[in-house]
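Colleague: I have a structure I would like to understand better, so I am pasting it below and will then ask my questions one at a time.
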Amino acid sequence: MKKTFSILFSVLAALYPVLVFLALVILRIPIRLLSLCIAAVAFVFFLSFTNEKKRSGPIGWKSVAVSAFFIAAGLLCYFSNKTIFLKLYSVVVNITLLIVFGSTLFFPPNIIFRFATLQDKSIKGSATEKKVRHYCRTVTVVWCTFFILNGLAAGYTVFFCSDKIWSIYNGGISYLLMGFLFAAEYLVRKRVQKKLAREDHRDTPVGKGVETGNKSE
């Protein structure tokens, strides 16, 4: 049940800008009614997550924190009758990710290197570990830059654009940009991995022997 709720919550959170646009622009649901619905749904998830925690031990704090944010945003929107509190979600997400990624630049290892070593245990202690760390730090800096720029763009749509533009950017364009960055990093990573593999092979006794043999010929 916990896994089902977590997946459903993640899907709703990802589609949040689109759902808000449909409710406000297409269905023309009153702001206060929509805000109450959002707060109520978030409260149900919040209770589910905290109850699961009591029954089955620790649970990820992210789900609890995000659901608490939606509750607060819904209530603030209800009392102020302004949609700005509902639209700040995308800005908060970028700020949170920037803090998570950026903090690891000052308190190493950086987060990308942590992900890499979880997938490949052989990185630590290898001849190419230093270069892998440097590459992962560069990727972390790139992601931090993305979160800054994307957060600024999201903030601009919150304060200076219509609900439609806000929804299009935060529910579509920002995801496409993130996908392009993922794809570009994946292609670059594959090239770097091949290059490091060749260097690692040359540094091994077998590799050195092959090079020496080739030179003697």
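The values are calculated or read from the model by the stated rules, or taken from the named source; none is laboratory data. What you are looking at is a predicted structure, and each value in this text was computed from that prediction instead of being measured. Cβ placement follows ideal geometry from the backbone for every residue including glycine, while neighbour counts extend to all protein chains displayed. Please note that ligands, DNA and RNA were not included when accessible areas were found on the heavy atoms of the full protein model with its side chains. Shrake-Rupley method; radii C 1.70, N 1.55, O 1.52, S 1.80 Å.
Colleague: Using 0.36 nm per residue of separation minus the Cα-Cα distance, give me the extension gain between Ala197 and Thr96 in nm, one decimal.
Modeller: Numbers: separation 101, 0.36 × 101 = 36.36 nm, distance 3.48 nm.
Length gained, Ala197 through Thr96: 32.9 nm.
Colleague: Could you give the size of the charge dipole of the chain about its Cα centre, using +1 on the Cβ of each K and R and -1 on the Cβ of each D and E, expressed in debye and rounded to the nearest 20?
Modeller: Computed about the Cα centre, the dipole is about 300 debye.
Colleague: Further, regarding this structure: How much accessible surface area, in Å² rounded to 10, belongs to the heavy atoms of Lys121 with a 1.4 Å probe?
Modeller: Accessible area of Lys121: about 150 Å².
Colleague: If ligands, DNA and RNA are left out, what is the accessible area of Ser122 with a 1.4 Å probe, given in Å² to the nearest 10?
Modeller: Looks like 80 Å² after rounding.
Colleague: Beyond 26 Å, what share of the Cα-Cα pairs of the chain is found? Please give it as a whole percent.
Modeller: Roughly 52 percent, rounded to a whole number.
Colleague: How high is the relative contact order of the chain? Use alpha-carbon pairs under 8 Å, at least six apart in sequence, and give a whole percent. Could you put the intermediate results ahead of the total?
Modeller: On the way: 165 pairs, mean separation 46.2, N = 217.
Worked out over the chain, it gives 21 percent.
Colleague: Another one. Just add up the charged neighbours of Cys77: K/R +1, D/E -1, any other residue whose Cβ is under 12 Å from the Cβ of Cys77.
Modeller: Result for the local shell: +3.
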